[in-house]
1. For region A:102-119, which residues satisfy the criterion of being without any contact (Cβ under 8 Å) to a residue 24 or more places away in the chain and either surrounded by 18 or more Cβ atoms within 10 Å (Cβ to Cβ) or under 22 Å from A:E203 (Cα atoms) (or both)?
2. For the structure I just gave you, tell me whether B:R244 is of a type in the set (K, R) and either modelled with pLDDT of 95 or more or at positive phi (or both).
3. Do you know which residues across region A:465-485 are farther than 16 Å from A:C381 by Cα and more than 9 Å from chain B (Cβ to nearest Cβ)?
4. Can you name the residue in region A:249-305 that is within 12 Å of chain B (Cβ to nearest Cβ) and aromatic (F, W, Y) and is also nearest to A:G594 (Cα to Cα) among such residues?
5. Restrict the check to region A:163-186 and report whether at least one residue is outside any loop (DSSP other than H, G, I, E, B), touching a Ser or Thr at 6+ places or on another chain (Cβ under 8 Å) and small (G, A, S).
6. Do we find that B:A84 is within 15 Å of the chain's Cα centre (by Cα), in contact (Cβ under 8 Å) with a residue 12 or more places away in the chain and surrounded by fewer than 24 Cβ atoms within 10 Å (Cβ to Cβ) in this structure?
7. Those residues that are buried (at least 22 other Cβ atoms within 10 Å of the Cβ) and either touching a residue at least 60 places away in the same chain (Cβ under 8 Å) or of a type in the set (D, E) (or both), I need them from region B:5-28; list them, please.
8. Which one of A:G239, A:G312, A:G234, A:G227 is touching a Cys at 6+ places or on another chain (Cβ under 7 Å) and over 30 Å from A:I20 (Cα atoms)?
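The values are calculated or read from the model by the stated rules, or taken from the named source; none is laboratory data. All figures in this text were calculated on a predicted structure; none of them were measured in a lab. All Cβ positions, even for glycine, are placed from backbone atoms using ideal geometry, and neighbour counts span all protein chains on display.
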Amino acid sequence: MTTIQIYGAGRAGDGTNTNIAILAQALKDAGAWTFRWLDEVYSNIQTRDSGFAVRAADRPIYGPDDEFDILQAFDEGAFIDIAGEGRIPPITRLKRGGIVIYDSSPRLEAVNAGHEIDLAKIQGILEEKRARVFGLPMGRLAKEECGNYIVRGTISVGVIAHMIGIPEEAILDRFAKNFGAGSPVYEMNAKALRMGIEHARNEGWEAPELRVSFTPLAEDTRQVLLGDEAVAAGAIVAGCRVYAGYPITPASEVLEFMAEKIGQFGGALIQADSEMAAAHHVIGAAVAGARSMTATAGPGFSLMQEAISAAGITETPMVIVICTRGGPATGLPTRQGQEELNEAVFGGHGDFARIVLAASEPSQCFYVMERVFNLAERYQCPVFLLIDRMLAQSSYTVPELDPSRFVIDRGKLLTAEQVAERYLNNGHRYQRYELTEDGISYRVIPGTPGITNYYSNTNEHTEDGYITEEEVVRQRQMDKRFTKRMELIRADKDLPEAVQHGSPEARIGFIGYGGVYGPILEAVERLESQGTKAKFLEMRTLWPFPGDRVREFVDSCDVVYVTEYSAGAQLRGLVQREATGPSPKLRSLLRYDGRIMTPGWILEKMKEA
Amino acid sequence: MATFTATPITRADITGESAWWCSGCGDFGVNAAVQQVIMGLVNELGVPLENIFALSGIGCSSKEPEMLRVNAYQGQHGRSLPVAIGVAIANPGLKVIDFGGDGDTYAIGMEHFMHSIIRNVDVTLVIMNNQVYGLTKGQASPTAHTGLRTPSTPSGKRGRNVNPLRLAIAAGAAFVGRGVSWQRNELVELMMKAINTKGFSLVDVFSPCVTYHREPNARGSGPIYDWYRQNYVLDIKDAWQQMRDQVFTEDERAQLPADYDPTSPEAALNGLRLISEAAKIGREVTGLLLIDESQPTMAENAGVSAERAPALLDISLGANLDNYRQMLAELR
């Protein structure tokens, strides 16, 4: 695999994210498959250390490599732990012999003042890395020659473009798309870009080993999108027409995408006053007959617990996308984590049917929304989709997404004609919680002619929906909406099956879901290239848990590494509870420092596990 | 929309379970008025019964939808309003009426109460306000008056009570009124006006708890009603006549109309001043305080309407495929 990885280190507010994004777009235009992630983002808007990175390769990639080839540095935070809190600076992840491009001018504006790079102070680490160091007074040039300090990053983009062989036009094309060709912002950035390119050329700054040789596509219909955007787009194609949400990292991009798009399809956006409210808006809209959903993170999902119980007993199709992050409580708001699995599977009081799915990359995020909404309406129960922060907020290149593959199945939701035929024309009385053969009752859209007793109830209820506490009725309703429903769900072919990767005959296995996908795939490749066969069971359905499938996988292995972003080994807990029991074969690879796994991290951790 | 429900409907058509309240409970009066209102909506105004949607939370008052036979959602404590918002936005063609109690809405549901008003969602909220948590046996609610003795305030409630009318006016409700359960005709009129007002409508109703609301020398059904009548309520029209000297300056009084006018641009300020003045003598005002339909509703702000209801859209692939492709083409 040909791959290059570039890291931009600065301070929040420096525009580093924008620089890396431009490079990612240009690399993709050059034919590469990209993965761009927010490596270091504090829950803070300006002044803390920040790091953004892009990896490009000649095939689809779903995660970072261990080390990067180029480090673009705006201040000494790239090299040292300024605050002394134990932060590991990005330079430690630079490849031996890698390139450092830094701003050699002092900070010229008050925002983010200080922390200029003093080469003498960082000589040790630079030598240890055998780094090739290129200094350019970007800040001064930007301010004095281009008229705006903020474009100093664009100068470094020019330097990098020259060194790795991205043509000037490719980046100008992107500027034109982003800023509008010929606009003042475009002109300013174009000038800065050319300045960087020219400077690198004049100084003879070259990196022949890093020159990219991707093949541009004649017609490039590939998508570049965040997991959050893929989920939102998939929801719209699945027919979601009411979105309610409260801003929270890393789910806000779902809200923002919906805010821009849902109205174009006749839908409504409700920016809720809390996650508690959002979840209840979703219930209300679903009861009224609209496909509706919310997205949130762990803290918001905690606030939704009473609502999911309500959706359970009222048999309301409720869709929640849980974008997980490091917890508990506020925890690590802007960092990777998978600590919400237990809450998704066991949360909400009382026993009720539910489905918990996962996605590993944005294509899955998009396509799975068809199933999410179909399952929610087919089984009239809450359906949760778990995506983690890495997936939610990283940008991936994926093949073109095809909305025509979606099939809309609204389950037992009756049209006015069906209501007339089924009830009105033959005197048969409608009952919201009728005990049908399969236990799934019919829904109608309130307002449907002839139905004036569409009665949803969070209290235990009769078939009519009215409160009861009678033991026989209670038991029947519980069996209908929980026991029997879970049996039906378990047998449903639409539950995404676990996918096995690697060598079938391998005796070393990995199990995981979500943001472990890319790193494990590459760890398996590396093991195989070293002569060790390995395989990976990628979990797509987490509840009902596919116990048989997982047991069969574990049985076929000598050792299985359950790999997840949770100190509490929540996935392993489920594996033991639902598949294997306590098994000497199971090991845990747990990352809970808020950072994304890399293939090398996995191989290293295996030695200790 | 065509309806299969034969009109005129009778009370029997919209009567659900037999009432579960204590003998003498104010909620009986409210229920009778609500049924009369629904009959009026259907029989006189031609609203299809199918389009009436009732909600409630938890508490004695939240049994109300069970006493009816209309499309409904009976929810959790304090959470009926956010569900009502979801219903009203998904299908603005429905007449959404939310029933709750003073604990349900003004304590655990206060977040939703305030924001529902500010959003101006087209929902009519009917509160059966009795100053206590009846269903958990009588603890003081947020509207319990200072000094009220209850199992949770054995030496008498300290601190202020929530005044929902004041909050609703301040937050910009389209309709603010208060009825009393024992004057059915006035209550029917108030609720009818509220439902037909565009935007958020609050109808707070004093609906005495005959079992747990105990005043000195006023226990039981009859006496607690007398206590309300004699010691607690003050009609806004009477307050206007009796309190204008205290509330308004001489210059202001010269400009004032003879009677309290809930539709005047000054109604909000006048109402707030009279509420405060009444509170000084331990009284709570009743009647129609405010109607203001000048603000856009939440549905209008969200770009949806009865004709363009999200719940009724064609979400089939065929109808939307080109637009979906366009949306995805932007993600490159």
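1. If the condition is that a residue be without any contact (Cβ under 8 Å) to a residue 24 or more places away in the chain and either surrounded by 18 or more Cβ atoms within 10 Å (Cβ to Cβ) or under 22 Å from A:E203 (Cα atoms) (or both), then A:L119 is the only one that fits.
2. no
3. Selection gives A:T468, A:E469, A:E470, A:E471, A:V472, A:V473, A:R474, A:Q475, A:R476.
4. For region A:249-305, the residue satisfying everything is A:F257.
5. Of region A:163-186, the ones outside any loop (DSSP other than H, G, I, E, B) are A:163-164, A:168-179, A:184-186.
Right, trim to touching a Ser or Thr at 6+ places or on another chain (Cβ under 8 Å) and you get none.
Looking for residues that are outside any loop (DSSP other than H, G, I, E, B), touching a Ser or Thr at 6+ places or on another chain (Cβ under 8 Å) and small (G, A, S), one finds none in region A:163-186, hence no.
6. Judged against the criteria, B:A84 is not a match.
7. B:C25, B:G26, B:D27
8. One residue alone meets the criteria, A:G312.
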